[in-house]
Amino acid sequence: MNDRRILITGCASGIGRDLSRTLVAAGQRVMATDLDPERLAETAAGWSSARTRVRRLDVTDPEQWQDAIEAAEEAFGGLDVLVNVAGALVPGWSHELSDAAVDLQIDVNLKGVVHGTRAVTPGMMARGGGQVINVASLAALAPVSGLAVYCATKYAVRGYSLSVAMELRAHGIAVTVVCPDAVQTPMLDVQRDVEAAAMTFSGPRVLTAHEVSEAIVRAMDERPLEVLLPPSRGWLAKLADLAPLSGRVLEPVLRWQGRRRQRG
C-alpha cells in the first residue's frame, strides 16, 4: 500500500489495536488514539517514534478532536486517512438501560464519528483529498433486539457515512463505512453472559479483529462506499431490512441459535 498518514481511534483494544499494529508494521505513519492511555501504551509498545504518535483522545469532545487533528497534521505534514473505530456497547433491553448507558452509546458511537469527520474535513479539502473510514456494524443494516440503542447508533453511523460521502465526493474525499458481524473483542466479551444479547451470537462464526483490519486496509486502496463482513451475512441483513416484518419470524429462531452459542 502507498505511504499514508493515518489517525485511528479506539486503539487500546480490539479492532483499533490490531489495525494500528498492522499499519505500523507495514511502515505507515500512524497516530493511535484512545481514551485509555495505559492500554494505548501497551498497543504501541516497541513502535518507532519517528513514524508514530500516541495520543489520549475522548471522541465525544469536539475540542479534543481539533487538538488531535492539529497534532497529527503537524507531526506528519497532513492526514490522508481517518479511521473511526472507537465504540461503546451496553447490552440489555432498551427500557432497562440507564440514561448514562444510552448517552454513552450515542455520544461515542455516533457523535464521536460526526465530530471526527467534521474535524478532519477542512484539512483534507485544503489538500485536495483524503479518506474517512467509519466502522459501523451489521447492526446498521437490520434490527437487533437486546441491542436496540447500539443498533440505532450504528444505523445512524451508516446513514451519516453514506450522506457525507455525497457531500465530500466533489472534494476528492472518499467515505467508507465498514459493517462487520460480531468480532472477537472486549465488546463481545461483555455480551457473552447477557441473555438479551443472544442475537449477537446468531451467526455461524465470530470474526477476528485481524479480519476486520485486513478489510479496512483493502478499503484504503479500493475506496469503496461500503464494506460488509462477511458479505453473505451483510446481504442477508439487507434483505431482512427490506421486509421488517420478517423479523417476527426470524428473531425467535436466531435468538434461540444465539443463546445456544452463548452457552457453548
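Only helices (runs of 4 or more DSSP H) wholly contained in the stretch 11-81 count here; list those with 1 or more residues that are modelled with pLDDT of 95 or more and over 27 Å from Leu207 (Cβ atoms). Break it down stepwise before answering.
Values: elements: 14-25, 37-43, 62-76.
Correct list: 37-43, 62-76.
Take the conditions (1) modelled with pLDDT under 90; (2) surrounded by 11 or more Cβ atoms within 10 Å (Cβ to Cβ); Leu228 misses just one of them, which is (1).
When the stretch 131-168 is filtered for residues that are more than 18 Å from the chain's Cα centre (by Cα), not in a loop (DSSP other than H, G, I, E, B) and not acidic (Asp, Glu), the ones remaining, listed by number, are Met166, Leu168.
Results for (1) closer than 26 Å to Val249 by Cα; (2) among the basic types (Lys, Arg); (3) buried (at least 20 other Cβ atoms within 10 Å of the Cβ), shown as yes or no for each residue.
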residue	(1), (2), (3)
Val135	no, no, yes
Val144	yes, no, yes
Cys151	yes, no, yes
Ala156	yes, no, no
Arg169	no, yes, no
Val178	no, no, yes
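Filtering the stretch 227-251 to residues that are without any contact (Cβ under 8 Å) to a residue 12 or more places away in the chain and β-branched (Val, Ile, Thr) leaves only Val249. Residues that are buried (at least 21 other Cβ atoms within 10 Å of the Cβ) and either modelled with pLDDT of 95 or more or among the hydrophobic types (A, V, I, L, M, F, W, C) (or both) within the stretch 192-206 comprise Ala197, Ala198, Met199, Phe201, listed in sequence order. Applying a threshold of 6 Å to beta carbon distances and a minimum spacing of six or more residues, or different chains, the list of pairs starting in the stretch 204-217 at a residue that is of a type in the set (A, V, I, L, M) and ending at one that is assigned to a helix (DSSP H, G or I) reads Ala209/Gly14; Ala209/Ile15; Ala209/Asp18; Val212/Ile15; Ile216/Leu19.
The values are calculated or read from the model by the stated rules, or taken from the named source; none is laboratory data. Owing to the predicted nature of the structure, the values given are computational and were not obtained by experimental measurement. As a convention, Cβ positions derive from the backbone with ideal geometry for all residues, glycine included, and neighbour counts pool all protein chains shown.
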